[in-house]
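*Asks:* Okay, handing you the structure first.
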Amino acid sequence: MAAGIPETQPVETMTPEAAAVEIADLAARVAEANEDYHGRDRPTISDAAYDAMKARLGALEQAFPDLAPVDSPTGKVGAAPAEGFGKVVHAQRMMSLGNAFSEEDVGDFITRIRSFLGLAPDQPLSLTAEPKIDGLSLSLRYEDGVLIQAATRGDGAVGENVTANARTIGDIPQTLPPGAPAILEVRGEVYMSHDDFAALNAEGAARVFANPRNAAAGSLRQIDPAVTARRPLRFFAYGWGELSQPLAGTQMEAVQRLAALGFVTNPLTRLCEDAQGLIAVWREIEQQRATLGYDIDGVVYKVDDLALQARLGFRSTTPRWALAHKFPAETAWTRLERIEIQVGRTGALSPVARLEPVTVGGVVVSNATLHNEDYIAGRDNTGAPIREGRDIREGDWVQVYRAGDVIPKIADVDLSRRRSDAPYVFPTQCPECGSDAIREPGDSVRRCTGGLICPAQAVEKLKHFVSRAAFDIDGLGAKQIEMFFADDQLPIREPADIFTLAARDGANLTKLKNRDGFGERSAEKLFAAIEERRRIPLARLIFALGIRHVGEVASATLARHFHDWSALVAAIDGAAAEPAFTAPDDKARRASLPDSPNWAELTGIDGIGAVLVASLVTTFAQPTERASIDRLAGMLEILPAQDRGGAQTEISGKTLVFTGTLERMTRAEAKARAEAMGAKVAGSVSAKTDVLIAGPGAGSKAAKAEALGVTVIDEDEWLRIAGAG
Ligand code: IVH
């Protein structure tokens, strides 16, 4: 150990109390040494002792980010920043919002809510309307009136711990007045005003940001809180997460309560009674957009009554009780330099427009999607003309637009400036592997038939495999995948290769740690991050396989249904042997054979359609793909699916069927409620049904249930189970 600091305890074994004492001591000593060196120009300790002290302080601050002083000298002297932020598991998921782009969408939103809740036409339904701030969301946790944690949204379930940075934002109270709930998570948006953004860019202290939103995100996610403190960030509170007691009975009053507790809330929030009222507020706010002094990208509508919000609940990632009504897209004209074809993980050939860079709504755009060959040719997928049939050619002047976060698109083409007389010819061979690229009848997309032999498909599959909602391996992102895919000494060509990486590196003469871009620490960290993911929840594994049509929601549904990997594989293999799969069009053969229990079980799962099942079964039946999946599964510990929400209810894991009329709850609400309580809802009665809820008018289903010995209950009993009786 270098002179100047005593023998130190390993950071991992330290208590926060001991760390706080040592951090304060080291921070003071490093600051003093800085002052001696830079300010007074007379160094008092050796460089080695100084470096050791600073490294130790950095390590402690990284392990205990909450304890890092706002003005820590590790930041002031440009010390190597801590690598990333700690993770925070949100006590309640941070959701995103469903979008509306037209008045019709707003009307549909109100109709959906009314129908879900079973409201009669004369029953009122109030909603709030407020600006949608174009910043980044932040969750602030207060315990006993003291701010103890601030976290970004992340993937909604897990965010980044930015507590030290959030403490530097003036709009965020550090303590709350008496009377605040003992546990209170306040949610809102961090943003930067137009004036502050312009001043920051003019100052030249930071890199130039494209827009206030990027500037806010870049400033909040500074490793050094001293930098964040110098950035003019602001915060609007608009919601909440975990609460030890309710804030109020309505959205409007709850936000007023937040204002009374010291938060800044948006003054343009209004209460409306119907779709017309919401649209009137949307127009008013849109007119003020340019003069507000901060970026907004739409208006958010929320059901005002919090009891109704609770009944409406959530879809997989968005609440049923809220909607973001976006402002129209912004557009600009530019030249399309050339059309490139990208090959995706399912083999889809996607045309991309490479553009002369142009600013659209404050963001520089140089690429836009062209969707598919029909879109380029000026047709939709039914063959009907789009852009009045105008096709798109290389060299054309095109109109680019972007709405919100979506990928830029091409809206139109200016024929008066066209120079080329050759229409674009879409390739019929994969530009990556040369295999035929074919278009199945009814499919709007042309696909490479190369499968895993196509390097583009293989690498895209791997990128998907390591992506956030899949294996999410720290230090193994798209860039590293491309590097390892092209590597001859330590290649990753399929997912299983990831889990043999450390062992193969051990056996190699040239080690990863000696390569460019890697060091001892980063190589070790990568191997540790991979090792950590050897235990993987079933739903993540299914999603990670990247099978066409099998998205995140379907993966979670399959995992909940089958519970463990072997049961899922058995059902898929069983289905592959059945006539529904081997002879889907041979009605006579299907009729002559008994039921297809596996196929029927798969397609009978609510939310899992025949197209998805066919894709799943085909993939598992393809020998190369299957061998790759089996190799991978053999290296993992696959964690069986948990019931949603964790808490066990009396219907967790059971299969329910509703029949007849429910009089006090709509079918949609009953289904959502049952699923939220961990049950599955099926459309028809079978030997797998556990409970039939029979309202008045129940017919053949009730008779079938009785014949099968299934428990039959009435609506009163259902309302008791659902906690709504
Ligand atoms: S409410 C469960 N209100 O928009 C509902 N969100 O597109 C949670 N946002 O992630 C969101 N202004 O970051 C809400 N007034 C507002 C908002 C707002 C901006 C952001 C928020 C959210 C995103 C969804």
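*Asks:* Between a residue in segment 92-110 that is of a type in the set (Ser, Thr, Tyr) and any residue that is more than 10 Å from the ligand (Cβ to nearest atom), which pairs come within a Cβ distance under 9 Å, given they are 6 or more apart or on different chains?
*Replies:* Once the first residue is of a type in the set (Ser, Thr, Tyr) and sits in segment 92-110, its partners that are more than 10 Å from the ligand (Cβ to nearest atom) give SER102/HIS325.
*Asks:* Please determine whether any residue of segment 378-391 is within 34 Å of the chain's Cα centre (by Cα), open to solvent by less than 60 Å² (accessible area, probe 1.4 Å) and touching a residue at least 40 places away in the same chain (Cβ under 8 Å).
*Replies:* no
*Asks:* Of a type outside the set (Lys, Arg), outside any loop (DSSP other than H, G, I, E, B) and under 30 Å from GLU373 (Cβ atoms) - does that describe any residue in segment 465-479?
*Replies:* Yes, segment 465-479 contains a residue that is of a type outside the set (Lys, Arg), outside any loop (DSSP other than H, G, I, E, B) and under 30 Å from GLU373 (Cβ atoms).
*Asks:* If you check PRO328, PRO351, which single one turns out to be closer than 21 Å to ALA129 by Cβ and either charged (D, E, K, R) or touching a residue at least 24 places away in the same chain (Cβ under 8 Å) (or both)?
*Replies:* Just a single option satisfies the conditions, and that option is PRO328.
*Asks:* How about segment 483-538: which of its residues are under 22 Å from GLU637 (Cβ atoms) and over 31 Å from the mean Cα position of the chain (by Cα)?
*Replies:* Correct list: ALA503, ARG504, ASP505, GLY506.
*Asks:* Testing THR291 on (1) β-branched (Val, Ile, Thr); (2) more than 12 Å from the ligand (Cβ to nearest atom); (3) under 27 Å from ASN165 (Cα atoms), one condition comes back false. Which one is that?
*Replies:* Unmet condition: (3).
*Asks:* Also, quick follow-up: Within the bounds of segment 74-91, is there any residue that is modelled with pLDDT of 75 or more and open to solvent by 70 Å² or more (accessible area, probe 1.4 Å)?
*Replies:* The answer is yes, given that some residue of segment 74-91 is modelled with pLDDT of 75 or more and open to solvent by 70 Å² or more (accessible area, probe 1.4 Å).
*Asks:* Still on this structure, I have one more. Look through ALA703, ALA724 and report the one residue that is in a helix (DSSP H, G or I) and of a type in the set (A, V, I, L, M).
*Replies:* On inspection, the qualifying residue turns out to be ALA703.
*Asks:* Could you list all residues from segment 236-259 that are among the aliphatic types (A, V, I, L, M) and part of a strand (DSSP E or B)?
*Replies:* Residues satisfying the conditions are ALA237, LEU243.
*Asks:* Can I ask one more? Of all residues in segment 678-692, how many are more than 18 Å from ARG560 (Cα to Cα) and part of a loop (DSSP other than H, G, I, E, B)?
*Replies:* 4
*Asks:* So, one more: With respect to GLY519, determine if the residue is over 30 Å from ALA348 (Cβ atoms) and out of contact with any Phe, Trp or Tyr (no Cβ under 9 Å at 6 or more places or on another chain).
*Replies:* yes
*Asks:* Has segment 653-672 got any residue that is at pLDDT below 85, part of a loop (DSSP other than H, G, I, E, B), open to solvent by less than 50 Å² (accessible area, probe 1.4 Å) and not polar (S, T, N, Q)?
*Replies:* Scanning segment 653-672 turns up at least one residue that is at pLDDT below 85, part of a loop (DSSP other than H, G, I, E, B), open to solvent by less than 50 Å² (accessible area, probe 1.4 Å) and not polar (S, T, N, Q).
*Asks:* If you don't mind, another one. Quickly run through segment 305-334 and pick out the residues that are closer than 30 Å to ALA554 by Cβ, of a type in the set (D, E, K, R) and crowded, with 16+ Cβ neighbours inside 10 Å.
*Replies:* Within segment 305-334, ARG311, ARG320, LYS326 qualify.
*Asks:* I would also like to ask the following. Spot the failing condition for GLY204; the list is (1) surrounded by fewer than 16 Cβ atoms within 10 Å (Cβ to Cβ); (2) within 14 Å of the ligand (Cβ to nearest atom), and only one is missed.
*Replies:* (2)
*Asks:* Could you tell me whether any residue of segment 177-187 is under 28 Å from ALA275 (Cβ atoms) and either within 16 Å of the ligand (Cβ to nearest atom) or in contact with a helix residue (DSSP H, G or I) (Cβ under 8 Å, 6 or more places away or on another chain) (or both)?
*Replies:* Among the residues of segment 177-187, at least one is under 28 Å from ALA275 (Cβ atoms) and either within 16 Å of the ligand (Cβ to nearest atom) or in contact with a helix residue (DSSP H, G or I) (Cβ under 8 Å, 6 or more places away or on another chain) (or both), which makes the answer yes.
*Asks:* Same structure, new question: Looking only at segment 127-147, decide whether some residue is in contact with a Cys (Cβ under 6 Å, 6 or more places away or on another chain) and among the small types (Gly, Ala, Ser).
*Replies:* Yes: one or more hits.
*Asks:* Can you tell me which residues in segment 692-722 are among the aliphatic types (A, V, I, L, M) and without any contact (Cβ under 8 Å) to a residue 12 or more places away in the chain?
*Replies:* ALA703, ALA707 - these are the residues of segment 692-722 that are among the aliphatic types (A, V, I, L, M) and without any contact (Cβ under 8 Å) to a residue 12 or more places away in the chain.
*Asks:* Take segment 218-254 and flag every residue that is out of contact with any helix residue (DSSP H, G or I) (no Cβ under 6 Å at 6 or more places or on another chain), modelled with pLDDT under 95 and aliphatic (A, V, I, L, M).
*Replies:* If the condition is that a residue be out of contact with any helix residue (DSSP H, G or I) (no Cβ under 6 Å at 6 or more places or on another chain), modelled with pLDDT under 95 and aliphatic (A, V, I, L, M), then ILE223, VAL227, ALA229 are the ones that fit.
*Asks:* Among the candidates SER366, SER435, SER416, which residue alone is polar (S, T, N, Q) and open to solvent by less than 40 Å² (accessible area, probe 1.4 Å)?
*Replies:* SER435
*Asks:* For the condition touching an Asp or Glu at 6+ places or on another chain (Cβ under 7 Å), among the hydrophobic types (A, V, I, L, M, F, W, C) and over 24 Å from GLY293 (Cβ atoms), what is the one hit in ALA164, ALA157?
*Replies:* Checking each option against the conditions leaves just ALA164.
*Asks:* Out of segment 567-607, which residues are under 25 Å from THR655 (Cβ atoms), at pLDDT below 85 and among the hydroxyl-bearing types (Ser, Thr, Tyr)?
*Replies:* Correct list: SER596 only.
*Asks:* Only residues in segment 232-254 that are free of Cβ contacts under 8 Å to residues at least 12 places away in the same chain count as the first member; pair them with residues that are assigned to a strand (DSSP E or B), Cβ under 8 angstrom, at least 6 apart or cross-chain, and list the lot.
*Replies:* none
*Asks:* When you scan segment 318-355, how many residues do you find that are among the basic types (Lys, Arg) and either more than 30 Å from LEU306 (Cα to Cα) or more than 16 Å from the ligand (Cβ to nearest atom) (or both)?
*Replies:* 4
*Asks:* Given the structure, is LEU258 within 15 Å of the ligand (Cβ to nearest atom), open to solvent by less than 30 Å² (accessible area, probe 1.4 Å), at pLDDT 95 or above and of a type outside the set (D, E, K, R)?
*Replies:* yes
*Asks:* Could you tell me which of the residues SER244, SER219 is open to solvent by 30 Å² or more (accessible area, probe 1.4 Å), over 21 Å from TRP321 (Cβ atoms) and under 28 Å from the mean Cα position of the chain (by Cα)?
*Replies:* SER244
The values are calculated or read from the model by the stated rules, or taken from the named source; none is laboratory data. Predicted model only: the values in this text are computed from it and were never measured. Because the Cβ atoms are built from the backbone with ideal geometry, glycine has one as well, and the counts that use them run over all protein chains shown. All accessible areas refer to the heavy atoms of the entire protein, side chains included, with ligands and DNA or RNA removed. Shrake-Rupley method; radii C 1.70, N 1.55, O 1.52, S 1.80 Å.
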